[in-house]
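Data first, discussion second: the structure below is written as structure tokens.
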Amino acid sequence: RLPVALDFSGVWVNCVSRRMFRVEEAQLGMQPLTASRCLEMEEGHEEEEAQDGLLAGDRQERRWNPWVFGACLLAVTTFILVLGDILRRDGLTSKAPATTKHASATSAGWAISRDLLPDDHQKEELIKRAFSDPAFMWGCATSAYQVEGAWNKDGRKPSIWDKFTHDGRAFKGSSGDDACDYYHRYEEDLARISEYGFNTYRFSISWTRVFPLDEDGNMYMNEKGVQFYKNVLRILADRGITPIVTMFHWDLPAELDWLDEEVVDYFLRYAEFLLATFPEVNWWSTFNEPWTFCTMGYALGLHAPGKQSQYLQYSCGHNVLR
């Protein structure tokens, strides 16, 4: 309960009650609102509340018994389950003819329910037929640091992941120094993509392999690194495989940091360099999973650069969005 608050110019008045009343001078008859008048108003509201309580109690008594409601719900649920089982059994007895009819009517379509297919062979044929459509992009994906290896070969400079793993921060001291040795074995790896029947290959370009920084912080083209990706793109074109290229898959140059605003300009120049250097690529992706490398790298410290904080991931995300 709050104390009496009065303002005879016309304000909210609390007469020792939870309710608020707008008091106007005309209603008061230009007479002061005394404490006795407040008590009379309060008693009147207490009678109203008591009456409301009686009505609410009457409604409460007339509510359904929860046990009765539960029994009704159980009965309805049991009925639905029994009815569903009967319908399912009827469907099984007529499944064979319905399958033949449905399969013939939708033989040109891709989406066929597995329950309506008679055998695995037909399923496989339908999948092959769907994937033979050149408009359907079906493929596999890799990232530079995870597969290439050759971390210090042919002019490649260190990235934040090289530093992170060389400091022993990765699982069991592992690193991408050799990885899958894709840098030296890419021809046989790309041949496997054709063997699998893929028509698309998504891969990332190593920033520090094609456009590293010199001692003065200036980026420059590394011809051997560029030629490596040119070779990859040529083989893909010969095999009829569409490349989808990711500009950044976490391997930021070791000299840069996503917390610094200048990284935005560096990435912009790097992206412009890629677009001008590889005109044979029509499908580009800018960042791979920005939430992951910002959160894991700047909040949890489990990925490069291995920083732990409650807020740095937001600075990282801000610069990525810029």
Task: Residue tally, condition in a loop (DSSP other than H, G, I, E, B) and within 21 Å of the chain's Cα centre (by Cα), over the range 258-302 - done: 6
Task: Members of the range 247-256 that are buried (at least 20 other Cβ atoms within 10 Å of the Cβ), touching a residue at least 60 places away in the same chain (Cβ under 8 Å) and either outside any loop (DSSP other than H, G, I, E, B) or of a type in the set (Gly, Ala, Ser) (or both) - done: PRO253
Open item on the list: Among the numbered criteria (1) open to solvent by 30 Å² or more (accessible area, probe 1.4 Å); (2) over 25 Å from the mean Cα position of the chain (by Cα), which one does PRO305 miss?
Closed with: (2)
Open item on the list: What's the total number of residues in the range 223-239 that are loosely packed, with under 14 Cβ neighbours inside 10 Å and farther than 18 Å from ALA150 by Cβ?
Closed with: 3
Open item on the list: Pull out all pairs, ordered by first then second residue, where Cβ-Cβ is under 6 Å, the residues are six or more apart or on different chains, the first lies in the range 175-204 and is touching a residue at least 12 places away in the same chain (Cβ under 8 Å) and closer than 15 Å to ARG239 by Cα, and the second is surrounded by fewer than 19 Cβ atoms within 10 Å (Cβ to Cβ) and of a type in the set (Gly, Ala, Ser).
Closed with: PHE198/GLY139; THR200/GLY139; TYR201/GLY139; ARG202/ALA141
Open item on the list: I need the full set of residues from the range 288-301 which are over 24 Å from ASP265 (Cβ atoms) and in contact with a strand residue (DSSP E or B) (Cβ under 9 Å, 6 or more places away or on another chain), in order please.
Closed with: ALA299, LEU300, GLY301
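Is there a residue being buried (at least 17 other Cβ atoms within 10 Å of the Cβ), closer than 27 Å to PHE171 by Cβ and of a type in the set (S, T, N, Q) anywhere in the range 278-285? I'd like the intermediate steps shown before the answer.
Taking the range 278-285 first, the residues buried (at least 17 other Cβ atoms within 10 Å of the Cβ) are 278, 281.
Now restrict to residues that are closer than 27 Å to PHE171 by Cβ: none.
Taking every residue of the range 278-285 in turn, none turns out to be buried (at least 17 other Cβ atoms within 10 Å of the Cβ), closer than 27 Å to PHE171 by Cβ and of a type in the set (S, T, N, Q).
Considering only residues that are within 29 Å of the chain's Cα centre (by Cα) and not aromatic (Phe, Trp, Tyr), look in the range 198-215 and name the one that is modelled with the lowest pLDDT. Before you say what the answer is, go through the steps one by one.
The initial filter retains those residues of the range 198-215 that are within 29 Å of the chain's Cα centre (by Cα), namely 198-208.
So of that shortlist, the ones also not aromatic (Phe, Trp, Tyr) come out as 199-200, 202, 204-206, 208.
Details: ASN199: 92, THR200: 95, ARG202: 98, SER204: 98, ILE205: 98, SER206: 98, THR208: 98.
Among those residues, the one meeting the criterion is ASN199.
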TODO: Report, by residue number, each residue of the range 186-208 that is touching a strand residue (DSSP E or B) at 6+ places or on another chain (Cβ under 9 Å) and open to solvent by less than 30 Å² (accessible area, probe 1.4 Å).
DONE: LEU190, ILE193, THR200, TYR201, PHE203, SER204, ILE205, SER206, TRP207, THR208
TODO: Taking TYR183 as meeting all but one of (1) of a type in the set (Ser, Thr, Tyr); (2) buried (at least 17 other Cβ atoms within 10 Å of the Cβ); (3) within 30 Å of the chain's Cα centre (by Cα), write down the number of the exception.
DONE: (3)
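The values are calculated or read from the model by the stated rules, or taken from the named source; none is laboratory data. On a predicted model such as this, the values are computed, not experimentally measured, just so you know. Backbone-built Cβ (ideal geometry, glycine too); neighbour counts: all protein chains shown. Keep in mind that these areas ignore ligands, DNA and RNA; they rest on the heavy atoms of the full protein, side chains included. Shrake-Rupley method; radii C 1.70, N 1.55, O 1.52, S 1.80 Å.
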